[in-house]
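Dropping a structure here in structure tokens format, bear with me for questions.
The values are calculated or read from the model by the stated rules, or taken from the named source; none is laboratory data. From a predicted model like this one, the values you see are computed outputs, not experimental measurements. Positions of Cβ are backbone-derived with ideal geometry, glycine not excepted, and every protein chain shown enters the neighbour counts.
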Amino acid sequence: MASRQQRRDRLIFLVPSMTVLAVILVYPLAYSLGLSFYNYYLPVPRTTFVGLENFRFILADDAFWEALGVTARFTGAAVAIEVVLGIAVALLLDARIPCRRFVNTVVLLPMAITPAVAGLLMRWMFESNWGLVNYFLGLAGVRGPGWTGDPAWALWSIILADVWQNTPFVILVVYAGLQSVPVEPLEAAMVDGASRAQTLAHVVFPFLRPLVLFVLIIRSMDAFRIFDQVFVMTGGGPGTTTQTITFYNYVMAFRQLRMGRASALGVITLLILSLVIGAWIYLLYRREKGEW
Amino acid sequence: MVNRSVGAPRVVLARALVYLALLAVVAVSLFPIYFALTTSLKQTRDAFTTPPTWIFTPTLEHHRFIWLETPFPRYLFNTLVITIGTVLLSIPLGCMAAYYLARYRSRPIQVLLFSLLAVRAFPRILLLVPFFLVARAAQLYDTHILIILIIAAFNQPFAIWLMRGFFLDVPRELPEAAMIDGCSSFQAFRRVVLPVVRPGVFTAALFTFLFAYNEFLYCLILTGSDAKPLSVAIAQYGAEKIEYWSWSAAGAVGILAPIVLFIAVMQRHLVKGLTFGTLKG
């Protein structure tokens, strides 16, 4: 159906980019799928076909379920805090404030920082002896916990670090949304004598809804595969209390050197992620079909 | 309206609370960076005390050490090669693909566009094992080109979605007129359309730069002594001696400086770039 012109354009413009994508992403993906059916221990240069054995192993593996739980708790807590806090700060920024450009820039800064370096900064903040979080808690009369070294608090250190780094993304999107709230309904609400709270609840929030859903999905996807900050802040510890799925996958592949098994874990992660995200998108967008 | 309400005590109070809250947000955002900066400038004995030393005699010793007596300049060089290489590979490819995807409409093109979005959700760790094995077999392990290819590929969806938004704003008649005047399809793109979307290319390039600059996981596994970038070097920097903390603070500040500059420059373009260009649909 495509015209000659279009076919030629496709070859010139689209094919180079798609070739890179295919070679770098699609081919290794296929390789990984294949490898997940093999037993491949890196030091032994021989692979043996084991069928679904790797999958069976992982599904019976306590560490896998623990990592899944850690990842779910991390994602749930971090994203929930970020969305609520982000909306609140975006509303604050929307008020008439002095030095708006400076404030906006500063508030967005953390999201641009190298995640590994952000993790480092946060490790210093949460250091239990001379870290500033505990110092300020001390000033408020609270004896701070051991944070990254305390099994009960280590995950919270990473959650709070993630909140520091990624709340700006929520702020950014919601703030951008607030700038484009249509004027007419706002004026109508004002004329009708609606309070600020009523205007927010009945005019602004319904308008923001799709944006918030978008942010929720993007943030969940990113939080689900967190690695850099875990690597830098806790290394998955103490014990395995902050070992997320991605981190466990890394351990399996590059410390235990179980390449086939690690591939299987990757495939399982992909399946879980597709299912969860798919179901979520379906549920969230069901009511506003076509409103992508 | 503002003038009338300034006098009302309740409004003044509300205003004060808003400012106070914003002040807290600004302080929390900046504090870790401020802390890294001051730590890098403190004598080590002043750096790790309780209560913290707020007033101190600054020293550039740690910065001098990290940039003159460790391999950090080498890591900086690697970071620069990787980031610049990624931009040079990724942006032309992404622009061309985006141009095609903005110019033509069809069902398969829609599907392709949304499949590209799925790359963002992709568990990257899944590709780490094949990358590692293939890289070793192809003798590409610990080379810049390997990292550049990988980051450029992962960056394609971003570059394509962002640039497509800009190309959609270009009237279709523009390249068509150029082609009637005898330009080839590619010449029309290169000489007529591309100059119009230059701000978009600039935004895409800077964000691609940032993306490559911040990459960690793939660099951690796929580079060794030859191609290791700053992000990995700083994370692996040892902590056996207390001085290491001062040194890593100096290293961290060195890595942060370009980012702070970036944010200051990009203020206007932040929304478009950081939201993956998807808001526009």
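Which residues, taken from the stretch B:176-192, are buried (at least 18 other Cβ atoms within 10 Å of the Cβ) and either without any contact (Cβ under 8 Å) to a residue 60 or more places away in the chain or outside the structural domain of B:THR86 (by TED's automatic domain parsing) (or both)?
Hits for the stretch B:176-192 are B:ALA178, B:SER185, B:ALA188, B:VAL192.
Consider B:VAL111 against the criteria (1) within 30 Å of A:ASP9 (Cα to Cα); (2) surrounded by 11 or more Cβ atoms within 10 Å (Cβ to Cβ): it satisfies all of them except one. Which criterion is unmet?
Failed condition: (2).
Suppose we filter the stretch B:242-253 for residues that are surrounded by fewer than 19 Cβ atoms within 10 Å (Cβ to Cβ) and touching a residue at least 40 places away in the same chain (Cβ under 8 Å); how many remain? Break it down into steps so the answer makes sense when it comes.
Filtering the stretch B:242-253 down to residues surrounded by fewer than 19 Cβ atoms within 10 Å (Cβ to Cβ) leaves B:242-244.
Narrowing the set further to residues that are touching a residue at least 40 places away in the same chain (Cβ under 8 Å) leaves B:242-243.
Residues that pass the stated criteria total 2.
Working carefully through the options A:PHE37, A:PHE49, find the one that is more than 30 Å from B:SER185 (Cα to Cα) and either in contact with a Ser or Thr (Cβ under 8 Å, 6 or more places away or on another chain) or within 14 Å of another protein chain (Cβ to nearest Cβ) (or both). So that I can check it myself, show each step before the final result.
Details: A:PHE49 fails: either in contact with a Ser or Thr (Cβ under 8 Å, 6 or more places away or on another chain) or within 14 Å of another protein chain (Cβ to nearest Cβ) (or both).
Of the residues listed, the single one that is more than 30 Å from B:SER185 (Cα to Cα) and either in contact with a Ser or Thr (Cβ under 8 Å, 6 or more places away or on another chain) or within 14 Å of another protein chain (Cβ to nearest Cβ) (or both) is A:PHE37.
Sort through B:LEU76, B:LEU101 and tell me the only one that's in a helix (DSSP H, G or I) and either in contact with a Lys or Arg (Cβ under 7 Å, 6 or more places away or on another chain) or free of Cβ contacts under 8 Å to residues at least 60 places away in the same chain (or both). Give the steps one after another, and end with the answer.
Details: B:LEU76 fails: either in contact with a Lys or Arg (Cβ under 7 Å, 6 or more places away or on another chain) or free of Cβ contacts under 8 Å to residues at least 60 places away in the same chain (or both).
Among B:LEU76, B:LEU101, only B:LEU101 is in a helix (DSSP H, G or I) and either in contact with a Lys or Arg (Cβ under 7 Å, 6 or more places away or on another chain) or free of Cβ contacts under 8 Å to residues at least 60 places away in the same chain (or both).
Residues checked against (1) more than 10 Å from chain A (Cβ to nearest Cβ); (2) within 21 Å of A:THR105 (Cα to Cα); (3) modelled with pLDDT of 90 or more:
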| position | (1), (2), (3) |
| --- | --- |
| B:PHE207 | no, yes, no |
| B:PHE216 | no, no, yes |
| B:ILE221 | no, no, yes |
| B:ALA233 | no, no, yes |
| B:ALA239 | no, no, no |
| B:GLU243 | yes, no, no |
| B:ALA257 | yes, yes, yes |
| B:LEU279 | no, yes, no |
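Hey, does the stretch B:5-22 have a residue that's under 30 Å from the mean Cα position of the chain (by Cα), part of a helix (DSSP H, G or I), at pLDDT below 95 and within 24 Å of B:GLY254 (Cα to Cα)?
Within the stretch B:5-22, not a single residue is under 30 Å from the mean Cα position of the chain (by Cα), part of a helix (DSSP H, G or I), at pLDDT below 95 and within 24 Å of B:GLY254 (Cα to Cα).
Also: Being of a type in the set (Gly, Ala, Ser), within 30 Å of the chain's Cα centre (by Cα) and surrounded by fewer than 17 Cβ atoms within 10 Å (Cβ to Cβ) is the filter here, so list the residues in the stretch A:166-189 that pass it.
Listed by number, the list holds a single entry, A:SER180.
Please state which one of B:THR57, B:THR50, B:THR39, B:THR70 is within 26 Å of the chain's Cα centre (by Cα), of a type in the set (Val, Ile, Thr) and either more than 8 Å from chain A (Cβ to nearest Cβ) or assigned to a loop (DSSP other than H, G, I, E, B) (or both).
On the way: B:THR57 fails: within 26 Å of the chain's Cα centre (by Cα); B:THR50 fails: within 26 Å of the chain's Cα centre (by Cα); B:THR39 fails: either more than 8 Å from chain A (Cβ to nearest Cβ) or assigned to a loop (DSSP other than H, G, I, E, B) (or both).
Only one candidate qualifies: B:THR70.
Still on this model: Restricting to the stretch B:32-51, name every residue that is within 13 Å of A:TRP124 (Cα to Cα) and touching a residue at least 12 places away in the same chain (Cβ under 8 Å).
First, pick out the residues of the stretch B:32-51 that are within 13 Å of A:TRP124 (Cα to Cα): B:32-40, B:47-49.
Once the filter is applied, which keeps residues that are within 13 Å of A:TRP124 (Cα to Cα) and touching a residue at least 12 places away in the same chain (Cβ under 8 Å), the stretch B:32-51 yields B:ILE33, B:ALA36, B:LEU37, B:THR38, B:THR39, B:SER40, B:ALA47, B:PHE48.
Taking only the stretch B:164-186 into account, find how many residues are within 11 Å of another protein chain (Cβ to nearest Cβ) and either of a type outside the set (A, V, I, L, M, F, W, C) or under 15 Å from B:ALA98 (Cβ atoms) (or both).
Qualifying residue count, the stretch B:164-186: 6.
Which numbered condition in (1) under 25 Å from B:TYR237 (Cα atoms); (2) facing chain B (nearest Cβ under 9 Å) is the only one that A:GLY149 fails?
In the conditions (1) under 25 Å from B:TYR237 (Cα atoms); (2) facing chain B (nearest Cβ under 9 Å), A:GLY149 misses (2) alone.
Scanning the stretch A:92-132 for residues that are in contact (Cβ under 8 Å) with a residue 24 or more places away in the chain and more than 9 Å from chain B (Cβ to nearest Cβ), which turns out surrounded by the most Cβ atoms within 10 Å (Cβ to Cβ)?
Among them, the one singled out is A:PHE126.
Also: Say whether the condition of being within 10 Å of another protein chain (Cβ to nearest Cβ), without any contact (Cβ under 8 Å) to a residue 12 or more places away in the chain, buried (at least 20 other Cβ atoms within 10 Å of the Cβ) and not in a helix (DSSP H, G or I) is met by at least one residue in the stretch B:123-139.
Yes: one or more hits.
Then there's this: Across the stretch A:19-33, what is the total count of residues that are more than 7 Å from chain B (Cβ to nearest Cβ) and free of Cβ contacts under 8 Å to residues at least 24 places away in the same chain?
6
Looking at the stretch A:207-219, can you tell me whether even one residue there is surrounded by fewer than 17 Cβ atoms within 10 Å (Cβ to Cβ) and more than 13 Å from chain B (Cβ to nearest Cβ)?
Taking every residue of the stretch A:207-219 in turn, at least one turns out to be surrounded by fewer than 17 Cβ atoms within 10 Å (Cβ to Cβ) and more than 13 Å from chain B (Cβ to nearest Cβ).
Another question, then. Determine the pairs where a residue that is more than 10 Å from every other protein chain (Cβ to nearest Cβ), located within the stretch A:163-190, has a partner that is surrounded by fewer than 14 Cβ atoms within 10 Å (Cβ to Cβ) with Cβ atoms under 8 Å apart, the partner being 6 or more residues away or on another chain.
These pairs meet every condition: A:ALA189/A:GLN198; A:ALA189/A:HIS202.
Further question: Looking for whichever is of a type outside the set (Ser, Thr, Tyr) and touching a residue at least 40 places away in the same chain (Cβ under 8 Å) here; the options are A:ARG255, A:ARG261. Which one fits?
A:ARG261
Condition (residue is in a loop (DSSP other than H, G, I, E, B) and out of contact with any Phe, Trp or Tyr (no Cβ under 9 Å at 6 or more places or on another chain)) applied to the stretch B:25-34: is it met by at least one residue? Before you say what the answer is, go through the steps one by one.
First pass over the stretch B:25-34, keeping only residues in a loop (DSSP other than H, G, I, E, B): none.
There is no residue in the stretch B:25-34 that is in a loop (DSSP other than H, G, I, E, B) and out of contact with any Phe, Trp or Tyr (no Cβ under 9 Å at 6 or more places or on another chain).
Something else now. Taking the stretch A:261-270 only, how many residues are surrounded by fewer than 24 Cβ atoms within 10 Å (Cβ to Cβ) and among the small types (Gly, Ala, Ser)?
The qualifying residues number 0.
Could you run through the stretch B:215-225 and say how many residues are in a helix (DSSP H, G or I) and in contact (Cβ under 8 Å) with a residue 40 or more places away in the chain?
Qualifying residue count for the region: 5.
Yes or no, residue by residue, for (1) touching a residue at least 60 places away in the same chain (Cβ under 8 Å); (2) β-branched (Val, Ile, Thr); (3) assigned to a helix (DSSP H, G or I):
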residue: A:GLY51; (1), (2), (3): no, no, no
residue: A:ARG56; (1), (2), (3): no, no, yes
residue: A:ALA63; (1), (2), (3): yes, no, yes
residue: A:VAL70; (1), (2), (3): yes, yes, yes
residue: A:ALA78; (1), (2), (3): yes, no, yes
residue: A:LEU85; (1), (2), (3): yes, no, yes
residue: A:ALA88; (1), (2), (3): no, no, yes
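Let me ask another. Can you spot a residue in the stretch A:68-80 that is in contact with a strand residue (DSSP E or B) (Cβ under 9 Å, 6 or more places away or on another chain), surrounded by fewer than 18 Cβ atoms within 10 Å (Cβ to Cβ) and within 13 Å of another protein chain (Cβ to nearest Cβ)?
No, every residue in the stretch A:68-80 fails to be in contact with a strand residue (DSSP E or B) (Cβ under 9 Å, 6 or more places away or on another chain), surrounded by fewer than 18 Cβ atoms within 10 Å (Cβ to Cβ) and within 13 Å of another protein chain (Cβ to nearest Cβ).
Before we move on, is A:ALA88 over 25 Å from B:ALA249 (Cβ atoms) and more than 7 Å from every other protein chain (Cβ to nearest Cβ)? Give the derivation first.
Details: over 25 Å from B:ALA249 (Cβ atoms): yes; more than 7 Å from every other protein chain (Cβ to nearest Cβ): yes.
Yes; evaluated as a whole, the condition is true for this residue.
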